[in-house]
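Heads up, the thing below is written out as structure tokens.
The values are calculated or read from the model by the stated rules, or taken from the named source; none is laboratory data. Just so it is clear, the model here is predicted, and its values are computed rather than measured. We place every Cβ from the backbone using ideal geometry, glycine too, and count neighbours over all the protein chains shown.
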Amino acid sequence: MRPDKLKLAHLPTPLFRHDALDHIVGAEVWVKRDDMTGGPEAGNKIRKLEYLLAAAVNTQARAVITCGGVQSNHARATAILARRLGLRPVLLLRTADGAAPAHRVGNLLLDALVGAELRFITPAQYQLRDALMQQLAAELAATGEPAYVIPEGGSNGLGALGYIDAMAEVRAQLDAGDAGGPAAFDAVIHACGSGGTAAGVCLGAGLHGVAEYAIAIAVCDDRAYFERRIEQIVAEAMQLLQTSLPHARASVLDQWKGPAYAVPSEDQARFIARIARETGLLLDPAYTGKAMFGLAQLSPKPKRVLFLHTGGLPGLLADSDRFENLL
């Protein structure tokens, strides 16, 4: 029996292609516009949260706890959607020194606007994030406020089901001729920050005949870490579904992470600006910009690609100084 799912996203999201993008990247690129899954909550996380927040509602939670970097797209989407459902969002957000930023911009501003409880922690504390969230859930339960804990990025077996569904959606679009005909893609490529989207894509692309290969471009950690994490989440998803599913052949590439998480190199920042000017497609400096840059650098590269645009516009707006200087 498939787990319950809420209807939170605006679906199906369109497929986008632009001649200039093909020229820049050096391949036929179809962009799955999952930056259009909603309004301020938009991005790939909604597909995961349709399952995760259904579980929260079913357990009669009154609060939802999750975590991420200070400009976490996942935390922002969780906070907004939790409020829509009448749940109180509590966010553990990583900053360099564990202190609140001087200014609330981008995702953090949206978190604050919906009244999320913001708890700032250090990178060392963030290494213990799962234990900290469970401890916080116990504290809230003791005060009569049962809480549901959602892992970093919504990345577990339950959340991954959202991207199995997404690949079924792409298969329907291919069959309808939305990408030039019913032929599959050579590869699905996307940014990878916590592994859940990658696990769902790996399973869904294989199950629905979307692509033979799934390529996750890491924006943090390394290939070995994500290979283990994706394998773990794939196993969790199949356990939930009580079946074994065919896989796309998956690979993780970690050479385009840039100087640090959410920090692009100068070349990556210039690439993001060029894509915007020549195609009107806005990429973010933490995820999609690095992933598209990696695709452009990849050699050899697939000829026909599905690129997942996972959102992240608030993070781009929060990085205005970098791009103002560049422009």
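Observations, loosely collected:
- Just one residue in the set ALA183, ALA211 is assigned by TED's automatic domain parsing to the domain that holds HIS309, modelled with pLDDT of 95 or more and among the small types (Gly, Ala, Ser); that residue is ALA211.
- On inspection, LEU316 passes the criterion of being in contact with an Asp or Glu (Cβ under 7 Å, 6 or more places away or on another chain), part of a helix (DSSP H, G or I) and closer than 24 Å to ASP19 by Cβ.
- Test: residue in region 187-196 that is modelled with pLDDT of 95 or more, surrounded by 17 or more Cβ atoms within 10 Å (Cβ to Cβ) and farther than 20 Å from GLY311 by Cβ: yes
- Taken across region 130-151, residues that are closer than 22 Å to PRO285 by Cα, in contact with a helix residue (DSSP H, G or I) (Cβ under 9 Å, 6 or more places away or on another chain) and surrounded by 17 or more Cβ atoms within 10 Å (Cβ to Cβ) do not occur at all.
- Selection of first residues in region 285-304 that are in the same structural domain as PRO264 (by TED's automatic domain parsing) and buried (at least 20 other Cβ atoms within 10 Å of the Cβ) and of second residues that are in a helix (DSSP H, G or I) and among the basic types (Lys, Arg), restricted to Cβ pairs under 8 Å at least 6 apart or on distinct chains, gives the following pairs, ordered by first then second residue: PRO285/ARG322.
- Subset tally (residues that are surrounded by 21 or more Cβ atoms within 10 Å (Cβ to Cβ), over 12 Å from the mean Cα position of the chain (by Cα) and either over 12 Å from VAL252 (Cβ atoms) or aliphatic (A, V, I, L, M) (or both)) for region 218-231: 1
- Some residue of region 60-74 being closer than 30 Å to ALA211 by Cα and touching a Cys at 6+ places or on another chain (Cβ under 9 Å): yes
- Selection status of ALA262, more than 19 Å from the chain's Cα centre (by Cα), among the small types (Gly, Ala, Ser), in the same structural domain as ALA168 (by TED's automatic domain parsing) and more than 22 Å from SER251 (Cβ to Cβ): no
- Residue pairs whose Cβ atoms lie under 6 Å apart, sitting 6 or more positions apart in sequence or on different chains, and linking a residue in region 128-144 that is not assigned by TED's automatic domain parsing to the domain that holds ALA61 to a partner that is not in a helix (DSSP H, G or I), do not occur here.
- Residues of region 170-199 classified as under 26 Å from ASP222 (Cβ atoms) and among the polar types (S, T, N, Q), total: 2
- Within region 174-197, restricting attention to residues that are small (Gly, Ala, Ser) and out of contact with any Phe, Trp or Tyr (no Cβ under 7 Å at 6 or more places or on another chain), the residue that is nearest to ALA237 (Cα to Cα) is GLY196.
- Residue in region 35-52 that is within 20 Å of GLN135 (Cα to Cα), in the same structural domain as ALA147 (by TED's automatic domain parsing), outside any loop (DSSP other than H, G, I, E, B) and not hydroxyl-bearing (Ser, Thr, Tyr) present: yes
- Criterion: farther than 21 Å from GLY38 by Cα and in contact (Cβ under 8 Å) with a residue 60 or more places away in the chain - qualifying residue of ALA63, ALA96: ALA63
- For region 170-285, the strands (runs of 3 or more DSSP E) that sit wholly inside it and include 1 or more residues that are within 21 Å of LEU11 (Cα to Cα) and out of contact with any Cys (no Cβ under 6 Å at 6 or more places or on another chain) are 185-192, 211-218.
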